[in-house]
Amino acid sequence: MPTKTDWHAIAQELKTIVGERNVLDDPVDLSIYDCDAETLDQAKPDLIVLPGNSREVVEVVRLANRYQVPFTPRGAGTGLSGGATTVMGGISLVLSRMNRVLSVDPEEMVCVVEVGATNSSVSRAAAKYGLLFAPDPSSQNASTIGGNIAENAGGPHTLKYGMTTDHVLGVKFVMPDGEVTAFGGTTVCRLGFDWLGLIVGSEGTLGIATEATLRLTPVPQKVLTMLAYFSSLEMGGQAVSDIVAAGILPAAMEMIDQVTLKAVEETYHLGFETAHGALLIVELDGPELGIVSQRSVVQRCLEKNGAVHITWAKDDAERKRMWQARKGAFGAYGKIAPHAYVLDGVIPRSRLSEAIGKIRLIGEKYNLLIANIYHAGDGNLHPCLLYHRDNTDEVKRVLSAAREILQLCVGLGGTLSGEHGIGIEKALEMPTVFTPEELAVMFSVKRSFDSAGFCNPGKIFPNPKSCGESGMRPLARLKLAASC
Ligand SMILES: Cc1cc2nc3c(=O)[nH]c(=O)nc-3n(C[C@H](O)[C@H](O)[C@H](O)COP(=O)(O)OP(=O)(O)OC[C@H]3O[C@@H](n4cnc5c(N)ncnc54)[C@H](O)[C@@H]3O)c2cc1C
């Protein structure tokens, strides 16, 4: 690694590429960029660089190679697995200035965007043509298309519309050595190896996307949204299974528990009833005729499973209020504890009730308050472990409980992550899902893209070496894991 003097020289050179004000090295700035929304692990970058276009990205990457320093792409830093955290130091390469929607083609139903465009800005640009960008992470007002692509983000409407990978047609891509290439194209048809499929979800470890061609979806003719309360999560979970078993594919089915419900109500005062064990939101969309008949099937499934106060939104304002219960939930946890560790396990939907009961027992075992948000329709669970980062004993219990919950998900036939990625958060758990041989194959793919190993190092793959040996900055997770 370069000495302090070298960093000064690098900063000067970077300023000639991106302009004086787009290179940050003030200690306060470096602290701000020391983690993403997974705040347990922090590691400061040595420099922060904000390029304004693809050409500048190329020059920054070439310079990093020349000086042999790591670089880590970053969008809005809302990631929940530490993907943008500079665990080996080096350059935090922030794409958020590249935020233009370059074109919308309503006839082809595609748009071309710079990767720093926020998710919701794409749908706003498409709205005047009656179109939208379907992936809708709850972070959509902040998170960038580049981050969505790198994490293969999902959202409440993934149930019907799929993940980000289903809506990306092509990317312009800067390889880790600074070569510019393109993957995919402008249509859904692809020939040969599915390189684009490999890039989406690669968590910034194979290179940097700078532009994306996205598939747009027509705004549905009719949307019906309802909420219902249940006395337990298990009853809500059964209603979800029954709706799917009845042959209905809602646009979204989202459930929150009573802890979350109370936090949301205390924060936003929207008139939710907090005496119930669970709240379920179901959204139907499509042609008007079809969804009216679906509504009565959904109503029957809810009633059969003991739902009370079933309310169908009368207008858009009421619909938005219902969604606030779900989309504002993470922010509301601040009412309960200063820190929330959001897990992202996946289970087969049919095992939902079983998983709910077992997660509760894990919370009791470790004496932790666990709030729950579920993308119930696709079995993607977000148990949120609420804690205080300064309480070392509590942090240790959080890490142990988190590990046990992920192992539970895998044991039930599911997996480690539905949409937040592996990053540093789940890297140590990868061997619970993959054999050493499978991991070696994956690593050889990484190496064939990034032979020098400077592009977002220290992510996804379990690192058996100590921090000192690997060059990794000491992370709370690794230190505590070693002392457990
Ligand atoms: C309140 C809240 C709610 C959330 N809800 C959801 C949800 O519903 N669904 C969901 O899927 N996620 C959700 N997330 C997680 C997060 O918002 C997503 O993972 C999002 O896609 C990250 O985008 P970002 O721009 O913040 O990326 P960052 O956090 O900056 O980066 C994420 C990863 O992408 C890489 N990266 C970023 N830009 C590029 C690029 N241009 N090229 C290559 N690699 C790049 C980074 O290196 C890193 O590995 C939520 C997070 C929060 C805080």
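The values are calculated or read from the model by the stated rules, or taken from the named source; none is laboratory data. For clarity, every value in this text was computed on a predicted model and none was experimentally measured. Glycine gets a Cβ as well: all are built from the backbone with ideal geometry, and neighbour counts include every protein chain shown.
Just a few scattered comments:
- Helices (runs of 4 or more DSSP H) wholly inside region 379-484 that include at least 2 residues being polar (S, T, N, Q) and either in contact (Cβ under 8 Å) with a residue 60 or more places away in the chain or under 17 Å from I362 (Cβ atoms) (or both): 392-411
- P51 being closer than 28 Å to H157 by Cα, within 12 Å of the ligand (Cβ to nearest atom), touching a helix residue (DSSP H, G or I) at 6+ places or on another chain (Cβ under 6 Å) and in a loop (DSSP other than H, G, I, E, B): no
- Residue ID - surrounded by the most Cβ atoms within 10 Å (Cβ to Cβ), chosen from residues in region 56-85 that are among the charged types (D, E, K, R) and more than 19 Å from the chain's Cα centre (by Cα): E56
- Condition check for K314: without any contact (Cβ under 8 Å) to a residue 12 or more places away in the chain, surrounded by fewer than 21 Cβ atoms within 10 Å (Cβ to Cβ), over 25 Å from A340 (Cβ atoms) and basic (K, R): yes
- Taken together, the criteria place G178 among residues that are assigned to a loop (DSSP other than H, G, I, E, B) and over 23 Å from the mean Cα position of the chain (by Cα).
- Among all residues of region 227-245, there is at least one that is aliphatic (A, V, I, L, M) and surrounded by fewer than 17 Cβ atoms within 10 Å (Cβ to Cβ).
- For region 278-294, the criterion of being over 28 Å from the mean Cα position of the chain (by Cα), more than 26 Å from S81 (Cα to Cα), of a type in the set (D, E) and assigned to a loop (DSSP other than H, G, I, E, B) is met by no residue.
- Residue that is surrounded by fewer than 16 Cβ atoms within 10 Å (Cβ to Cβ) and without any contact (Cβ under 8 Å) to a residue 12 or more places away in the chain, where the choices are G192, G185: G192
- In region 152-180, the residue that is nearest to the ligand (Cβ to nearest atom) out of those that are under 26 Å from L63 (Cα atoms) and of a type in the set (D, E, K, R) is K172.
- Some residue of region 255-264 being of a type outside the set (K, R) and either without any contact (Cβ under 8 Å) to a residue 12 or more places away in the chain or in contact with a Ser or Thr (Cβ under 8 Å, 6 or more places away or on another chain) (or both): yes
- Residue match in region 325-338 (condition: of a type outside the set (D, E, K, R), modelled with pLDDT of 90 or more, over 22 Å from the mean Cα position of the chain (by Cα) and more than 25 Å from H157 (Cβ to Cβ)): yes
- Some residue of region 86-106 being surrounded by fewer than 17 Cβ atoms within 10 Å (Cβ to Cβ) and basic (K, R): yes
Yes/no per residue for (1) within 14 Å of the ligand (Cβ to nearest atom); (2) in a strand (DSSP E or B):
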| residue | (1), (2) |
| --- | --- |
| E107 | no, no |
| V113 | yes, yes |
| G116 | yes, no |
| N141 | yes, no |
| I149 | yes, no |
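- For K335, the requirement of being under 24 Å from I149 (Cα atoms), of a type in the set (K, R) and within 16 Å of the ligand (Cβ to nearest atom) is not met.
- Residues of region 129-139 satisfying the condition of being assigned to a loop (DSSP other than H, G, I, E, B), under 11 Å from L214 (Cα atoms) and more than 10 Å from the ligand (Cβ to nearest atom): F133, A134
- Region 118-128, subset touching a residue at least 60 places away in the same chain (Cβ under 8 Å) and away from the ligand (no atom under 15 Å from the Cβ), residue nearest to W323 (Cα to Cα): A127
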